[in-house]
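Written out below as structure tokens is the structure these notes cover.
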Ligand code: PMV
């Protein structure tokens, strides 16, 4: 029996979510903590899909998994292979619908596994093209940031249509991620901003989006110059703008406040919002612990931590 593995990981959007859909810059980091890996194996056998949240025949996949089905079909189509004799097993520990890039990571991993199974080379551009088509089902209008970051080993500065700029992180600071436990609604949140823009006589929301883009640019400089305090302030401003655009909610606002009160240099939602996760910036490991505890006390269901210094490992 031939079996092959494909992997991808979670991601954290540090700055620029939503604005990136409108061509503004964004900064995102791969998040390869053990709990954040999606791994897929493809092997010969009757068509079947087994994953942490669904076990069954691919034809009967529920709507929520239609984007995954699309990713499988696109990979097979591009390899000119029929969808038969292929069983797929997905082990994804990335919590779905939490702004951690779960749908993109699973699509990246499944595409890689299928290409490995057929011993075919997978060009990165082709991978992005296919994953972004499947992400349209999950997200409506994906910017491409999730597909890129869940398949990339380095942090990225990304702007739609522009060259991707990988960069290394050398900031002496940590990010704490807090999960509200509430399902995020990326597709609805992206659509709600589009609706606002369409209805407005004055470009109020467009201006906020441009400001989010400016903050992402500033954040890149702060990261490069190891200016954690300034980065924290930029994160606070970004959260406010995102809340004004209607994509925060009370659970996110509550965790953001708890992190700031516990000494975070800044805090904001991450990803699509309206649920899902938030991130907080901490000066050092002991601050990180304080923030984690404060988040758990304020109702976070899980917290994770990552360094912003790659030498310590992301
Ligand atoms: O919620 P997530 O992890 O899928 O992140 C969505 C990020 C957005 O900027 C809101 C949408 C996009 O396609 O970039």
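Only the coordinates and a few stated rules stand behind these numbers; no lab work does. On a predicted model such as this, the values are computed, not experimentally measured, just so you know. Glycine also receives a Cβ, built like all others from the backbone with ideal geometry; neighbour counts cover every protein chain displayed.
For the reader, a short list of remarks on this structure follows.
- Legend: ranking of residues 223, 252 from fewest to most surrounding C-beta atoms inside 10 Å; resulting order 223, 252.
- Taking the average, over residues, of other Cβ atoms within 10 Å as the packing measure, peptides 97-106, 280-289 rank 97-106, 280-289 from highest down.
- Between the helical axis of 204-224 and the longest alpha-carbon principal axis of the chain there is an angle of about 90 degrees.
- Cα-projected label distance for residue 310 with residue 253, points at 7 Å along beta-carbon direction, nm: 3.8
- Listed peptides 131-138, 142-149, 185-192, 296-303 by packing density, highest first (mean Cβ within 10 Å): 142-149, 131-138, 185-192, 296-303
- Simple spin-label estimate for residue 160 and residue 119 gives 4.1 nm between the two label positions (7 Å along the Cα-to-Cβ direction from each Cα).
- Under the shape rule built on the C-alpha gyration tensor, where the axes satisfy a ≥ b ≥ c, region 171-311 is oblate, since a/c reaches at least 1.5 while a/b does not exceed b/c.
- Sorted by Cβ neighbour density within 10 Å, fewest at the top, the residues 154, 67: 154, 67
- Ranked list, fewest to most other Cβ atoms within 10 Å of each Cβ, for 130, 171, 278: 171, 130, 278
- Only helical runs count toward this figure. For the chain, summing -39,500 (n - 2.57) over DSSP H runs of n ≥ 4 and dividing by all residues gives -13500 deg cm²/dmol at 222 nm.
- With Cα atoms, 0 to 90° folded angle of helix 66-78 axis to the chain main axis: 50
- The chain - percent relative contact order, Cα under 8 Å, separation 6 or more: 23
- Angle between the chain longest axis and helix 228-244 axis [Cα atoms, degrees, rounded to 10]: 70
- For region 206-271, alpha-carbon Rg relative to the globular expectation (2.2 N^0.38 Å, N residues): 1.10
- Contour minus Cα-Cα distance for residue 183 and residue 50 (0.36 nm per residue): 45.7 nm
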